[in-house]
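Here is the structure we will look at.
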Ligand SMILES: CSC[C@@H](O)[C@@H](O)C(=O)COP(=O)(O)O
């Protein structure tokens, strides 16, 4: 799963076994378990159950899912895309990948569709890794400038970055979005330290981001979700850097629930708030994020229970709320563009404004 220091992979296609392979992210950080995906149903389950998650990775998994479905029934393109589109509603990369496949495959003779879908899926995987690497390069310039500014003002020599959820290589084709600039900065010898939000209820920060950063030796500290405001008030955060599941044509940013509160705290404390995303995460059809982005609501037991392993290494899921408690579990929220300092994409860094988004579109 790790092809080089620069290319850690959470998903790959095994040509000899003719199987898609994924790291089962529900087992991390306790177990590094690789699972084979051979059917459309398995691909859908992996997305729904969050064995794979993160906006770009959801799109890439769906692309391979189309291949798996077509090799069983070459005539099932439309129906397959419909099934996959229903797996998770918020990340636009899913629709983006499915549209690209349907448009690309519709003119391909049925007998060749499965093979063509596989080639397209592999291309998407490589393109996403390259896009994330470019995000890392642009983000590195930004972090480097922020560190120079901090040092010129007489601050200490470490750049403190706060991130939410997991926007690392586990969430993408490689490198990650928000974590890519951090990895590049660490590799370039920039002194960085990451505040990792635990990210309730699924704990992607505690289970995935902390695990990723530890693997790469990036200094980091895990904090509860509600700590960000306090840290910012005390000058302990120099920049917030998060990913996105869908960004609109006006620059509104949808990301994991709790991101908006971090952006508000950042605004109140004059901490820059940057969002890193590949252009496949932009929904140019939508202007208004708060009103129009569909927000996934997930099962209540993610809130009423916590899962983990005990001292004996046994996996447990324990209740932390009364059994009959009513639960609401929105998976994402929207940060209005006015709170976003900039969008770091593979095309460069742009303002989160209508003009900024038009400039990005002009470069596609
Ligand atoms: C490159 S990842 C950007 C986002 O997808 C990430 O921050 C996020 O919110 C993931 O949510 P998840 O519910 O784990 O799929």
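Could you please let me know if residue 137 is closer than 29 Å to residue 204 by Cα, away from the ligand (no atom under 16 Å from the Cβ) and surrounded by fewer than 24 Cβ atoms within 10 Å (Cβ to Cβ)? Yes: the conditions hold for residue 137. Kindly indicate whether residue 345 is in contact (Cβ under 8 Å) with a residue 60 or more places away in the chain and within 25 Å of residue 86 (Cα to Cα). Judged against the criteria, residue 345 is not a match. Identify the single condition in (1) closer than 25 Å to residue 162 by Cα; (2) surrounded by fewer than 24 Cβ atoms within 10 Å (Cβ to Cβ); (3) at pLDDT 95 or above that residue 266 does not satisfy, given that it satisfies every other one. Among (1) closer than 25 Å to residue 162 by Cα; (2) surrounded by fewer than 24 Cβ atoms within 10 Å (Cβ to Cβ); (3) at pLDDT 95 or above, the lone unmet condition for residue 266 is (2).
Condition check ((1) free of Cβ contacts under 8 Å to residues at least 24 places away in the same chain; (2) surrounded by 15 or more Cβ atoms within 10 Å (Cβ to Cβ)) across all residues:
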| residue | (1), (2) |
| --- | --- |
| 273 | no, yes |
| 280 | no, yes |
| 291 | yes, no |
| 304 | yes, yes |
| 320 | yes, no |
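Just one residue in the set 118, 84, 98 is surrounded by 20 or more Cβ atoms within 10 Å (Cβ to Cβ), within 16 Å of the ligand (Cβ to nearest atom) and not assigned by TED's automatic domain parsing to the domain that holds residue 246; that residue is 84.
Across region 143-171, the qualifying residues are those that are outside any loop (DSSP other than H, G, I, E, B) and within 30 Å of residue 60 (Cα to Cα), and the one among them that is nearest to the ligand (Cβ to nearest atom) is 171.
Yes/no matrix, rows are residues, columns are (1) in contact with a strand residue (DSSP E or B) (Cβ under 6 Å, 6 or more places away or on another chain); (2) within 14 Å of the ligand (Cβ to nearest atom); (3) touching a residue at least 40 places away in the same chain (Cβ under 8 Å):
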position	(1), (2), (3)
173	no, yes, yes
184	no, no, yes
196	yes, yes, no
205	yes, yes, yes
233	no, no, no
241	yes, yes, yes
255	yes, yes, yes
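The values are calculated or read from the model by the stated rules, or taken from the named source; none is laboratory data. Bear in mind the structure is a predicted one, so any value in this text is a computation, not a measurement. Positions of Cβ are backbone-derived with ideal geometry, glycine not excepted, and every protein chain shown enters the neighbour counts.
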